[in-house]
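Below: one structure, written as structure tokens.
The values are calculated or read from the model by the stated rules, or taken from the named source; none is laboratory data. Computed from a predicted structure; not experimentally measured. Don't worry about glycine lacking a Cβ; one is built from the backbone with ideal geometry, like all the others, and counts go over all protein chains shown. Calculation scope for accessible area: heavy atoms of the full protein, side chains included, ligands and nucleic acids excluded. Shrake-Rupley method; radii C 1.70, N 1.55, O 1.52, S 1.80 Å.
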Amino acid sequence: ELSEEERLFDELVANEQRIEPRDWMPDAYRKTLIRQISQHAHSEIIGMQPEGNWITRAPSLKRKAILMAKVQDEAGHGLYLYSAAQTLGITRDEMMEQLITGRAKYSSIFHYPTPTWADMGAIGWLVDGAAICNQVPLCRASYGPYGRAMVRVCKEESFHQRQGFEILLTLMQGTDEQRQMAQDAVNRWYWPSLAMFGPPDDQSPNSAQSMKWKIKRFSNDELRQRFVGMLVPQAEILGVTLPDPELRWNEETGRYDMGEIDWDEFFEVLRGNGPCNAERLERRRTAHEDGAWVREAAAAYADKQAAKAVA
Ligand code: 3HC
């Protein structure tokens with residue numbers, strides 16, 4: 001027997017209406033959203049590092065200005081998403097604590113290094129491309145604050161994706177060495193970007209329920225297929241090769257056949273054993289500690305203002 005509250009919740013979801021912070025929701029729905037949105041926020045914040053790494057070495061003033069804007073966008077996305085998660089009852093401090101103590105997950109993709117400038121192109125094209133594929137359907141997520149945050153985030157991601165494509169295009173029109181650098185970066189980022197969509201559907205414990213709740217609209221494998229379909233014609237324009245010899249369109253199944261993703265590597269990265277996990281967390285922790293005086297000053301100022309208001 002459903003309670004009146006449960007019935008109303010189910011009805012809102014079924015009718016494609018939004019659940020808002022003050023609405024009743026099942027505990028498990030709240031928990032899933034806190035999990036997904038906080039992981040997403042952490043990913044944006046940690047995601048500033050691989051590219052932040054190149055701001056001082058961007059090859060021109062214009063490239064530097066673009067890259068700085070992009071990294072700032074990611075900070076903005078993180079803050080939006082932390083705010084969306086806060087509407088569900090978790091505090092910013094709790095989330096920050098989970099991140100810097102290494103208990104929180106964040107996207108596997110940000111555990112990989114960025115040794116060359118071409119990585120800025122490959123990240124924009126592949127990583128932000130994957131992010132768009134994953135996040136456009138999230139604009140329709142049943143939880144209002146999350147869906148609305150995704151609209152703005154996706155607009156900015158589209159710009160990020162284009163700037164990455166344009167970096168690679170420029171390199172591909174350059175010297176043999178530059179073309180090789182672009183191809184190497186694509187080789188290194190292609191497989192990790194496919195893994196961003198999460199484990200295969202039959203090993204994705206959260207998908208079925210999240211789809212019933214209309215948080216997720218497509219399964220991990222469906223989105224991965226979509227992404228590859230988007231990449232193939234773009235790779236042709238760029239003149240780069242996607243590093244999967246088994247990749248081809250299958251007329252019969254109406255899907256791309258592809259090689260096997262290295263899931264052992266993926267799960268190792270999730271366990272904290274990726275090439276950059278420790279470094280990324282350490283950098284975040286240091287930044288947090290270095291910012292302590294700002295938080296203290298802001299709190300002292302707020303107290304003073306509050307005291308003044310009372311007086
Ligand atoms: N990296 C790290 N962990 C991952 C992962 C990945 N690529 N893919 C899946 N996982 C984790 C899940 O979080 C889950 O762990 P948990 O149960 O302990 O929380 C576990 O693996 C099982 O996966 P499921 O498929 O069951 O999990 P979900 O249903 O949550 O699906 C998801 C995973 C598709 C990543 C989904 O959470 C999602 O769509 N999240 C929102 C988007 C997001 O977080 N993107 C991160 C990249 S952000 C970005 O690219 C920003 C850009 O500016 C660079």
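What are the residue pairs meeting all of these: first residue in region 257-274, first residue within 23 Å of VAL228 (Cα to Cα), second residue in a helix (DSSP H, G or I) and among the basic types (Lys, Arg), Cβ atoms under 9 Å, and 6 or more apart or on different chains?
Once the first residue is within 23 Å of VAL228 (Cα to Cα) and sits in region 257-274, its partners that are in a helix (DSSP H, G or I) and among the basic types (Lys, Arg) give MET258/ARG224; ILE261/ARG224.
Counting just the residues of region 1-42 that are outside any loop (DSSP other than H, G, I, E, B) and in contact with a Gly (Cβ under 8 Å, 6 or more places away or on another chain), which one comes out farthest from the ligand (Cβ to nearest atom)?
If we filter region 1-42 for residues that are outside any loop (DSSP other than H, G, I, E, B), which is where we start, we get 4-14, 19, 27-42.
Filter again for in contact with a Gly (Cβ under 8 Å, 6 or more places away or on another chain), leaving 19, 30, 34, 41-42.
On the way: ILE19: 17, ARG30: 14, ILE34: 10, ALA41: 8, HIS42: 8 Å.
In this case the residue turns out to be ILE19.
Those residues that are touching a residue at least 60 places away in the same chain (Cβ under 8 Å) and part of a loop (DSSP other than H, G, I, E, B), I need them from region 221-241; list them, please.
GLY239, VAL240
Of the numbered conditions (1) more than 8 Å from the ligand (Cβ to nearest atom); (2) in contact with a Ser or Thr (Cβ under 7 Å, 6 or more places away or on another chain), GLY198 satisfies every one except a single condition; which is it?
(1)
Just checking: which of the helices (runs of 4 or more DSSP H) contained wholly in region 89-157 hold 2 or more residues that are open to solvent by less than 60 Å² (accessible area, probe 1.4 Å) and within 20 Å of LEU231 (Cβ to Cβ)?
Values: elements: 92-100, 118-122, 128-135.
Those helices (runs of 4 or more DSSP H) span 118-122, 128-135.
Could you please find all residues in region 36-57 being without any contact (Cβ under 8 Å) to a residue 60 or more places away in the chain and either surrounded by fewer than 19 Cβ atoms within 10 Å (Cβ to Cβ) or more than 20 Å from CYS154 (Cα to Cα) (or both)?
Residues satisfying the conditions are GLY52, ILE55, THR56.
Just to be sure before I move on: is ASP128 more than 20 Å from GLY76 (Cα to Cα), out of contact with any Lys or Arg (no Cβ under 6 Å at 6 or more places or on another chain) and among the acidic types (Asp, Glu) in the structure I sent? Steps first, please.
On the way: more than 20 Å from GLY76 (Cα to Cα): no; out of contact with any Lys or Arg (no Cβ under 6 Å at 6 or more places or on another chain): yes; among the acidic types (Asp, Glu): yes.
For ASP128, the condition - more than 20 Å from GLY76 (Cα to Cα), out of contact with any Lys or Arg (no Cβ under 6 Å at 6 or more places or on another chain) and among the acidic types (Asp, Glu) - is not met.
Restricting to region 192-220, and then to whatever is outside any helix (DSSP H, G or I) and of a type in the set (A, V, I, L, M, F, W, C), can you tell me which residue is surrounded by the fewest Cβ atoms within 10 Å (Cβ to Cβ)?
Here is the first cut: in region 192-220, the ones outside any helix (DSSP H, G or I) are 196-200, 204-206, 213-219.
Within this subset, residues satisfying the condition of being of a type in the set (A, V, I, L, M, F, W, C) are 196-197, 213, 215, 218.
Numbers: MET196: 23, PHE197: 22, TRP213: 21, ILE215: 25, PHE218: 18.
Per the stated criteria, the residue is PHE218.
How many residues are open to solvent by 70 Å² or more (accessible area, probe 1.4 Å), out of contact with any helix residue (DSSP H, G or I) (no Cβ under 6 Å at 6 or more places or on another chain) and not in a loop (DSSP other than H, G, I, E, B) when one looks only at region 242-264? Can you show your working first?
Going residue by residue through region 242-264, those that are open to solvent by 70 Å² or more (accessible area, probe 1.4 Å) are 245-246, 248-249, 251-253, 255, 260, 262, 264.
Narrowing the set further to residues that are out of contact with any helix residue (DSSP H, G or I) (no Cβ under 6 Å at 6 or more places or on another chain) leaves 245-246, 248-249, 251-253, 260, 262, 264.
Those still in the list that are not in a loop (DSSP other than H, G, I, E, B) too: 248-249, 264.
Qualifying residue count for the region: 3.
If you scan region 90-115, which residues turn out to be touching a residue at least 60 places away in the same chain (Cβ under 8 Å) and more than 15 Å from the ligand (Cβ to nearest atom)? Don't jump to the end; show me each part of the working.
Taking region 90-115 as the starting set, the residues that turn out to be touching a residue at least 60 places away in the same chain (Cβ under 8 Å) are 96, 98-100, 102, 104-114.
Passing the criteria: MET96, ILE100, PRO113.
What tally of residues in region 274-285 results from selecting those that are open to solvent by 60 Å² or more (accessible area, probe 1.4 Å) and within 13 Å of the ligand (Cβ to nearest atom)? Steps first, answer last, please.
Taking region 274-285 and keeping what is open to solvent by 60 Å² or more (accessible area, probe 1.4 Å), we get 275, 278-279, 282-283, 285.
Still in the list and also within 13 Å of the ligand (Cβ to nearest atom): none.
Looking only at that region, the number is 0.
Would a scan of region 77-95 turn up a residue that is touching a Gly at 6+ places or on another chain (Cβ under 7 Å) and among the charged types (D, E, K, R)? Spell out how you get there, then give the answer.
If we filter region 77-95 for residues that are touching a Gly at 6+ places or on another chain (Cβ under 7 Å), which is where we start, we get none.
Within region 77-95, none of the residues are touching a Gly at 6+ places or on another chain (Cβ under 7 Å) and among the charged types (D, E, K, R).
Given the conditions (1) within 16 Å of the ligand (Cβ to nearest atom); (2) within 17 Å of ALA130 (Cα to Cα); (3) open to solvent by less than 80 Å² (accessible area, probe 1.4 Å), and given that ARG226 satisfies all but one, which numbered condition is not satisfied?
(3)
Tell me, which residue of region 1-17 that is among the hydrophobic types (A, V, I, L, M, F, W, C) and exposed (fewer than 12 other Cβ atoms within 10 Å of the Cβ) is nearest to LYS216 (Cα to Cα)?
First pass over region 1-17, keeping only residues among the hydrophobic types (A, V, I, L, M, F, W, C): 2, 8-9, 12-14.
From the residues that got through so far, the ones that are exposed (fewer than 12 other Cβ atoms within 10 Å of the Cβ) too are 2, 14.
On the way: LEU2: 24, ALA14: 14 Å.
This residue is ALA14.
More than 15 Å from the ligand (Cβ to nearest atom), in a helix (DSSP H, G or I) and more than 29 Å from TRP263 (Cα to Cα): does that describe GLN178? I'd like the intermediate steps shown before the answer.
Working: more than 15 Å from the ligand (Cβ to nearest atom): yes; in a helix (DSSP H, G or I): yes; more than 29 Å from TRP263 (Cα to Cα): yes.
In short, yes.
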